[in-house]
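Below you'll find the structure, written out as structure tokens, and then a few comments.
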Amino acid sequence: MKKVLIIIYALISCGILYFVEQSVGVSYLIKSSLKLVLFVVLPMLYLRKNQSQGDVKKFKLDRNNFSNLKHAFIFGILGALLIIILGIVFSPTIDFVSLRLELAEKLKVTKSVFIFVALYITFINSFIEEFFFRGIVYLGLDSEGRRLVGSLFSGILFGLYHMAMFASWFSPLLVFICVLGLSLVGVFFNYINTRTKSFLNSWIIHIIADTSIMAFGYFMLYIK
């Protein structure tokens, strides 16, 4: 994709998903389906039509080795521990009762289906986000002398995109901290993928982080 087109498409796609996320009465299934179309299907159709698959193939899965993946697991576990610690620290500022009601009424997510949603978020949604933010956006903007710009743009957009999900859940300060943290995480994901030449590294870290978030969320929402 051309760099200007990538920036415009990324902003429009995230804007659409932000609007849909804030809409009342839109189920999680519909939002997830739309996200799959915007983040994976349409970019892949464009790449196939223009024979530009080479950009996405920069991170070759077959170039992984135990040493590279070992670092991904280490960073993932450290990140999961940090998430749990921060969750415990900031949990008194979160109204989990209201959050549980909002999930049930707005997204149709209840205790009985939470586990299925959690599995989707952990393994499938994480792949979709890594493919889009690291594969399409970052790799598409990556070029000699512009790697930092591409990394910052995709990282910051990664953080702002997630704000739509928790903007109504947390205090303004906590929302800012989350967006800043996720933006830095996005930049780090770009770095570790570039260094190891593998898309799997950030995906593994993403999976482990989401696992800790889902487990902590389930405990606070339905057990405590």
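The values are calculated or read from the model by the stated rules, or taken from the named source; none is laboratory data. Since we're looking at a predicted model, the values are computed, not measured. Counting neighbours? That spans all protein chains shown, and the Cβs are built from the backbone with ideal geometry, glycine included.
For segment 21-44, the candidate set comprises residues that are within 10 Å of Phe132 (Cβ to Cβ) and not hydrophobic (A, V, I, L, M, F, W, C); within that set, the residue that is surrounded by the fewest Cβ atoms within 10 Å (Cβ to Cβ) is Lys35. Taking the criterion of being under 18 Å from Phe158 (Cβ atoms) and either among the polar types (S, T, N, Q) or touching a residue at least 24 places away in the same chain (Cβ under 8 Å) (or both), the residues of segment 10-30 that qualify are Ala10, Leu11, Ser13, Cys14, Leu17, Tyr18, Glu21.
Against the numbered list (1) within 19 Å of the chain's Cα centre (by Cα); (2) surrounded by 13 or more Cβ atoms within 10 Å (Cβ to Cβ), Glu102 comes up short only at (1). Only one entry in Ile136, Ile85, Ile94, Ile121 is more than 29 Å from Val20 (Cβ to Cβ) and modelled with pLDDT of 85 or more, namely Ile85. Could you check segment 1-30 and list, in sequence order, the residues that are assigned to a helix (DSSP H, G or I) and basic (Lys, Arg)? The one that is assigned to a helix (DSSP H, G or I) and basic (Lys, Arg): Lys3. Just so you know, in segment 75-95 the residues that are surrounded by 15 or more Cβ atoms within 10 Å (Cβ to Cβ), in contact (Cβ under 8 Å) with a residue 60 or more places away in the chain and out of contact with any Phe, Trp or Tyr (no Cβ under 9 Å at 6 or more places or on another chain) include one that is farthest from Phe176 (Cα to Cα), and it is Gly76. Kindly indicate the residue of segment 151-177 that is at pLDDT below 90 and among the small types (Gly, Ala, Ser) and also surrounded by the most Cβ atoms within 10 Å (Cβ to Cβ) among those meeting that condition. In this case the residue turns out to be Ala164.
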